[in-house]
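The values are calculated or read from the model by the stated rules, or taken from the named source; none is laboratory data. The structure displayed is predicted, hence computed values, not measured ones. Note: ideal-geometry Cβ built from the backbone for every residue, glycine included; neighbour counts use all protein chains shown.
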Amino acid sequence: MCTQLMSLEEQQKLADYRVCFEEESASMLNIDVIDLFDKEKLLSFLEEVQEELQAPDLMVTGSAFSKRYSYLIIASAFYSFLMFNKKLNMSAENLAILSSTSQEKWLPRLFFNDQTAYIPETKEDRKTCRDDLIKELFVDHLSPLWDNISELCKVPKPILWENTAIYLFWIFETLLKRDDLAPELRDTIQLDFDYFLYATEHSIFKDYKSHPITGFYCDMTSLGGQAVRIRKTCCLYYALSEEGKMCKGCPRRGSYQACNNLA
């Protein structure tokens, strides 16, 4: 296994997922991710996010932050691994949240301090990298962070994990729908998706009561001509909208029955 810096072309592609490879001057909503594991610093940061979002309370803020943060790290980590065959360093010590450049809503960006990536050279190397990536993201990183946010913001953990799940499903399913993928690459992405969903519960997640993500995976439903996966939990997005607008897959939209009960 060797290491390599991300190429300029790869950096430009990851910029589509709000990844930044250049340091910026300090801003109120910039924070080193490792500081989010300090409850006092996390609470102070979330109070600033609450003000920025004009959220009614910390519960709504915690859920909204978890959605935005999940998008950043899930999209960047898995796109790099699946499309570039490169494993980024996703440890909390290596990441920083940068303030939003959007004038309309708070859309934070992700900065990498160490911008080298691991490149597997054999199939066995790749399997090891895949396991390391999943463990680094979910066990070492998101699990303790969601624990802290759940405690401080009183957000039920299933909401936080489903906020993560929707972006994991999205990145895999979006890539699998592409018509420009080589058949071999498409098969590899599908195998990785299946591996995460069905083969990690008794290995990487063996110490968990249940798999934190798989329980949210189910078939999509056709709504208004669109395929939508109905959530099992409400992410509270409606509380940020003056009109009370809900997500397309919100379980509050009428009498939808969840595809499976939460474990």
Considering residues of the stretch 14-54 that are surrounded by 12 or more Cβ atoms within 10 Å (Cβ to Cβ) and among the hydroxyl-bearing types (S, T, Y) only, the residue nearest to F81 (Cα to Cα): Y17
Residue count, the stretch 82-92 (criterion: without any contact (Cβ under 8 Å) to a residue 60 or more places away in the chain and in a helix (DSSP H, G or I)): 1
Residue, surrounded by the fewest Cβ atoms within 10 Å (Cβ to Cβ), within the stretch 188-231, restricted to residues that are β-branched (V, I, T) and without any contact (Cβ under 8 Å) to a residue 60 or more places away in the chain: T221
Test set (1) without any contact (Cβ under 8 Å) to a residue 60 or more places away in the chain; (2) touching a Pro at 6+ places or on another chain (Cβ under 8 Å) - S100 fails condition number: (1)
Residue tally, condition touching a residue at least 40 places away in the same chain (Cβ under 8 Å), closer than 14 Å to L72 by Cβ and out of contact with any strand residue (DSSP E or B) (no Cβ under 7 Å at 6 or more places or on another chain), over the stretch 11-37: 4
Condition met for K105 (farther than 14 Å from I171 by Cα and surrounded by fewer than 21 Cβ atoms within 10 Å (Cβ to Cβ)): yes
Filter pass, L107 being modelled with pLDDT under 95 and among the aliphatic types (A, V, I, L, M): yes
First in the stretch 106-132 and more than 30 Å from N30 (Cα to Cα), second anywhere and part of a helix (DSSP H, G or I), Cβ under 6 Å, 6 or more apart: P120/R126; P120/C129
Residue, surrounded by the fewest Cβ atoms within 10 Å (Cβ to Cβ), within the stretch 1-10, restricted to residues that are touching a residue at least 24 places away in the same chain (Cβ under 8 Å) and not in a strand (DSSP E or B): M1
Selection within the stretch 186-227 - among the aromatic types (F, W, Y), over 18 Å from the mean Cα position of the chain (by Cα) and assigned to a helix (DSSP H, G or I): Y198
